[in-house]
Amino acid sequence: MALDTTEAGDRARARSEWWEAVGWSLLGVVLAALSVAGGSLVPGQIAYEESFLGARPCAGAAAERGTDPCLRTTRATVLSAQPAKSGAKKATVFQVRLLGPVPAPADRPFHLDPDGELSRLVEPGEEVEVVTWRDVQVSVRQGGVSETLPGLPDEATMYVGITLVGVWMTGVAFIAAFGSGRRARCRATGRPVTPRGGFGMAKILCVVVVPLAVSFFCLTMWDAWVAAGMTVAIWALIAFPATFAALRWDRDD
């Protein structure tokens with residue numbers, strides 16, 4: 001009677017493990033699709049970054065049209081210059097508006113570092129030079145002082161980091177599916193069952209934070225495809241040993 005009860009319990013656990021394997025497999029497929037979708041954006045973003053990095057100052061007719069992908073310099077008078085709050089976090093910035101008519105995108109307010117030298121120099125009524133590229137505000141200059149503005153298209157490598165988060169999570173999902181299927185077979189045949197590897201919040205944060213941190217580091221060191229390639233290489237050197245270690249350590253029953 002006790003033996004029958006044990007066998008029934010093993011069969012129930014085996015069925016549960018099979019369902020877990022199916023669930024992990026489906027999750028892996030979804031994550032793989034999202035990773036492919038994210039990865040498909042990388043070439044376009046890097047091409048956009050390369051176009052920006054290779055831009056040269058506009059000259060002649062190109063400067064007048066303002067439509068060519070060159071660096072256009074616009075000279076205009078400051079309408080207002082004052083501290084302001086920006087973004088969801090309400091960060092303090094030094095907001096400057098120009099007196100129109102000013103061609104886009106220089107006609108939009110731009111934000112300087114509130115502690116920067118330029119924010120202490122710019123005042124209403126004075127003339128500044130704004131460098132733009134396509135629809136991007138690149139930098140502001142007054143006299144011999146210049147400041148690069150935030151939001152430049154030079155962070156395509158972050159798309160690589162986001163894609164690698166999905167790739168790593170996809171790998172973990174399929175590893176979990178394989179492990180659940182193997183435990184189900186072991187329970188069904190009466191063989192010893194390998195303990196399940198724990199996957200707590202610390203490991204989840206590692207899977208998310210490491211690729212993003214690596215991509216941020218690489219974009220500060222390299223540009224475009226070089227940064228993307230180094231991001232993948234450094235991530236692989238971290239992810240594969242870390243995943244193997246996670247499978248071998250901290251196992252629970």
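Just to be sure I understand, how many residues within the range 88-122 are assigned to a strand (DSSP E or B), open to solvent by 50 Å² or more (accessible area, probe 1.4 Å) and modelled with pLDDT of 90 or more?
Result for the range 88-122: 2.
Of the conditions (1) more than 26 Å from Glu123 (Cβ to Cβ); (2) in contact with a Cys (Cβ under 8 Å, 6 or more places away or on another chain); (3) modelled with pLDDT of 90 or more; (4) not hydroxyl-bearing (Ser, Thr, Tyr), Arg72 fails just one. Which one is it?
It is condition (1) that Arg72 fails.
Going by the conditions given, is Gln95 in contact with a strand residue (DSSP E or B) (Cβ under 7 Å, 6 or more places away or on another chain) and within 27 Å of Leu53 (Cα to Cα)?
On the way: in contact with a strand residue (DSSP E or B) (Cβ under 7 Å, 6 or more places away or on another chain): yes; within 27 Å of Leu53 (Cα to Cα): yes.
It is true that Gln95 is in contact with a strand residue (DSSP E or B) (Cβ under 7 Å, 6 or more places away or on another chain) and within 27 Å of Leu53 (Cα to Cα).
What are the residues in the range 144-183 that are among the hydrophobic types (A, V, I, L, M, F, W, C), closer than 30 Å to Leu121 by Cβ and not in a strand (DSSP E or B), if any?
Just the residues of the range 144-183 that are among the hydrophobic types (A, V, I, L, M, F, W, C), to begin with: 145, 149, 152, 156, 158, 160, 162, 164-165, 167-169, 172-178.
Okay, now just the ones that are also closer than 30 Å to Leu121 by Cβ, so 145, 149, 152.
The answer is Leu149, Leu152.
What is the number of the single condition among (1) under 24 Å from the mean Cα position of the chain (by Cα); (2) more than 20 Å from Leu53 (Cβ to Cβ) that Arg134 does not meet?
(2)
Which number in (1) open to solvent by less than 20 Å² (accessible area, probe 1.4 Å); (2) at positive phi marks the one condition that Ala76 misses?
Evaluating Ala76 over (1) open to solvent by less than 20 Å² (accessible area, probe 1.4 Å); (2) at positive phi leaves (2) as the failure.
The values are calculated or read from the model by the stated rules, or taken from the named source; none is laboratory data. Please read all numbers here as calculations on a predicted model, not as lab measurements. Quick reminder, even Gly has a Cβ in these numbers, built from the backbone with ideal geometry, and neighbours come from all protein chains shown. The area values use the complete protein model at the heavy-atom level, side chains included, leaving out ligands, DNA and RNA. Shrake-Rupley method; radii C 1.70, N 1.55, O 1.52, S 1.80 Å.
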